[in-house]
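Contents: one structure, followed by commentary.
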Amino acid sequence: MENSLDVPTLASKYSGIPDRLYNEAVSSKERTQSLKTLPHSRPRGHPAKLPLDTSQDDFDAAITALRKILGDDRVEVNDKPLVDGWYMEHPNTHDAYHILDQEEMVCSAVVYPSSTMDVQAIVKWANEFHIPVYPISMGRNLGYGGAAPNLPGSVVIDLGRNMNKVLRIDGDNASCMVEPGVSYFKLYEEIQKTGLPLWIDCPDVGGGSVLGNAIDRGVGYTPYGDHFANHCGMEIVLPSGELLRTGMGALPGKDGEDNPTWESFQHAFGPSIDGIFSQCNFGIVTKMGFWLMPATGHQSYMITFPREDDFEKIVDTIRPLALKRILGNIPQLRHAIQELAVTGKPRTEWYTGSGMFPREVIRESVSKLPVGEISWVFYGTQYGDDASISSQLSFIKSEFAKIPGSKFYLPSDLPKDHYIHSRVEVCSGVPVLRELDWLNWKPNAAHLFFSPITPTKSKDARTIHDIIERLHQKWGFDLFPTLCVAGREMHYIANIVYDRADEDEKSRARGLMTEMIDAAAKEGFGEYRTHLIFADQVSQTYSWGNGALGKFNEIIKDALDPNGILAPGRNGIWPKKYRKTNE
Ligand code: EUG
């Protein structure tokens, strides 16, 4: 399949593309492949990885036992050549966007449960045979490790392949309940089929798991953009194999039904524990409820700013608008270089030099685009009826107009192929593919996110931006900043695009990440999420009170997972058996 220009569709595969995007997916695949110099796959250069401290015999015995529990066809040993594929045909065997050697972050086997009971059986098996397991929903956590297990040689539990149902859509409550294998593409299509006037909230690309993204605390761009904040209810398999429901789900419904308020009230009674099941290794989430937004009027817009150092004024203009909740969604502030990247043309279209893409070349290149000579672009959307949208817009316009030379655009002011039309869709809950165009920037392109949080204050945002810019310069990478505005803070996302075939680039990308994490932490800034190979470093920056947070997490980990079988090391949380110091 991956060699042809065919693309799996939702009708044939749970992780496929909806028909409405089929042609776009084919051409996206075609463009990405035309820039590929790496072979489809190569014979493995190293023996297949085994779980840590496990002999081949013990592993074989464990796999035989697992096959007996689940059936031969639902267990696959990872000993064949690795295939990176592409976005819509991604692997579950390793990180397709490898930043170490391709064969480094790999699993020993993949297992495919079909039910919560199967997941419980797998967890019990892992405890019996002392095999580390690593659950993935769909494996599209790209830029943060993809499908790869944190501890090489773990057995990946691929939840999505057989657990991909939208279990419930409640039109009155405007909510749904999904399994791990439901992508944004799929949820959107399922809701369209019902005819209900409900929106989903999706990230920049729509192939990821709704559940997986939310428990990694991912972000989207409608008013419901904080995915974890808009979840309601979870079902979780604990590392012991026991089953837990959170929120109102903990109260049994009448006659064995699910609780009728499970997707209506998040916290229920007693401590609110849902948070500890995000970005963790304390349990495997098998069901999750989400609030859906009632469809409404919407108007996207773009504001451009001419000067690099308008940055401070932009940030300080955004803050009061965000705090007063006048900004309707999670808007993005991007650097002008992204206007080049989202055209889908390779870097060499504008610049063939090595090192960081020079400022003057960005200026010169964007000046030939419809937006003209700019430095920053703000993409926002307002919601509601025409009257309220127009009053919000006039206030927003007048605030930004105080920045000399800024320009306000509606989608109708821009050509049909301008990126803003993709923003219009994402910001009204329609999952798209367009953002993938970034990956044509370089041959064999992969990407990695550096994702610090900055207060929405010019001084702090400037500090972070300067660190990131200086270090991108030093390590020779183009800088792609996207600031996602939540309110009092912004997620500053620097997308590092590198060539997977170039060992030097990979090593520089690692050097850049390591140094940015340290330099940001020295100034008091930390990441909200990171690629798994940097998880230890990032978690150690959260060291206040002699590492109180890390110790707290270890106490919970050891209590819930005494054998340390579930995703050891995920987000820097290591079970007792793997810790270097046995305090
Ligand atoms: C983006 C945003 C994220 C993230 C990774 C990528 C956007 C890229 C706000 O969170 O974690 C354009």
Of all the strands (runs of 3 or more DSSP E) wholly in segment 119-194, which have at least 2 residues that are buried (at least 24 other Cβ atoms within 10 Å of the Cβ)? 133-136, 155-158, 175-178
All positions within segment 451-483 that are open to solvent by 10 Å² or more (accessible area, probe 1.4 Å), in contact (Cβ under 8 Å) with a residue 60 or more places away in the chain and either part of a strand (DSSP E or B) or on the phi > 0 side of the Ramachandran plot (or both): ILE453, GLY476, THR482
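Against the condition touching a strand residue (DSSP E or B) at 6+ places or on another chain (Cβ under 9 Å), assigned to a loop (DSSP other than H, G, I, E, B) and touching a residue at least 24 places away in the same chain (Cβ under 8 Å), how does PRO51 come out, does it pass?
Judged against the criteria, PRO51 is a match.
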Restricting segment 434-450 to residues that are more than 19 Å from GLY526 (Cβ to Cβ) and part of a strand (DSSP E or B), the residue that is nearest to the ligand (Cβ to nearest atom): HIS447
Of the numbered conditions (1) crowded, with 21+ Cβ neighbours inside 10 Å; (2) closer than 28 Å to ASP316 by Cβ; (3) away from the ligand (no atom under 16 Å from the Cβ), ARG500 satisfies every one except a single condition; which is it? (2)
Please verify whether ILE99 is within 16 Å of the ligand (Cβ to nearest atom), over 16 Å from the mean Cα position of the chain (by Cα) and open to solvent by less than 10 Å² (accessible area, probe 1.4 Å), treating the condition exactly as stated. yes
Given (1) within 23 Å of VAL106 (Cα to Cα); (2) without any contact (Cβ under 8 Å) to a residue 24 or more places away in the chain; (3) charged (D, E, K, R); (4) assigned to a loop (DSSP other than H, G, I, E, B), where does ASP57 come up short, assuming only one miss? (4)
Counting only residues in segment 509-536 that are in a loop (DSSP other than H, G, I, E, B) and open to solvent by less than 20 Å² (accessible area, probe 1.4 Å), the one nearest to the ligand (Cβ to nearest atom) is identified as HIS531
In segment 195-209, which residues are under 10 Å from the mean Cα position of the chain (by Cα) and either in a helix (DSSP H, G or I) or β-branched (Val, Ile, Thr) (or both)? VAL205
Among the numbered criteria (1) in a loop (DSSP other than H, G, I, E, B); (2) within 28 Å of the chain's Cα centre (by Cα); (3) away from the ligand (no atom under 15 Å from the Cβ), which single criterion is violated by PHE311? (1)
Can you give me the number of residues within segment 289-337 that are surrounded by fewer than 19 Cβ atoms within 10 Å (Cβ to Cβ) and farther than 30 Å from ASP274 by Cβ? 9
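The values are calculated or read from the model by the stated rules, or taken from the named source; none is laboratory data. Here the structure is a predicted model, which means the values were calculated and not measured. Using ideal geometry, Cβ is built from the backbone for each residue, glycine included, and neighbour counts are taken over all protein chains shown. Accessible surface areas use protein heavy atoms only, side chains included; no ligands, DNA or RNA. Shrake-Rupley method; radii C 1.70, N 1.55, O 1.52, S 1.80 Å.
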